[in-house]
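The values are calculated or read from the model by the stated rules, or taken from the named source; none is laboratory data. Since the model is a prediction, treat every value here as computed from it, not as a measurement. Heads up, the Cβs are rebuilt from the backbone with ideal geometry, glycines too, and the neighbour counts pull from every protein chain shown.
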Amino acid sequence: MPHRILIVDDDILVLEALQELFTSSEYEVRVATRGQEALDILDQEHFDLLILDIVMPKMTGFDLAREVRKRDDEMRKVKIIMLTAKTEPRDLQSEEECGCNLYLTKPIDPGRLKELVKDTLEDPAQ
């Protein structure tokens, strides 16, 4: 069974690029453009990994990650990778506090992101 990834970003072009990147890598991919849409999807489906943009309207990636971590045990264990243009130490600390496993700064190197996703999904300690 392929790993399932939910990608959440308000930029349609980013979503399309990431969906193409991972669909061609034999992952099952769903996308959402807003945090609430992602939560609605998560109410119905299980995912192995969430890739979240931090800066989104209404609900940031931080807020979404916190909401995910508040849910049942299964959701507390789902892997989360944050995509961010933020590089200040205080911003990275916020990522740790919200329960994400890893972060990748923009601009995104597709090869590096694929590597991080593979490592994150295969490493039970992360």
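Within the stretch 1-44, restricting attention to residues that are of a type in the set (Gly, Ala, Ser) and not in a strand (DSSP E or B), the residue that is surrounded by the fewest Cβ atoms within 10 Å (Cβ to Cβ) is 24.
If you go through the stretch 76-85 and pick out every residue that is of a type outside the set (S, T, N, Q) and crowded, with 18+ Cβ neighbours inside 10 Å, you end up with 6. Within the stretch 11-67, the set of residues being touching a residue at least 40 places away in the same chain (Cβ under 8 Å) and under 15 Å from residue 78 (Cα atoms) comprises 45, 46, 47, 48, 49, 50, 51, 52, 61, 64.
Screening the stretch 49-116 for strands (runs of 3 or more DSSP E) wholly inside it with 3 or more residues that are within 13 Å of the chain's Cα centre (by Cα) and at pLDDT 85 or above returns the ranges 49-53, 79-84. Note on the stretch 61-74: among residues that are under 11 Å from residue 39 (Cα atoms) and among the hydrophobic types (A, V, I, L, M, F, W, C), the one that is surrounded by the fewest Cβ atoms within 10 Å (Cβ to Cβ) is 68.
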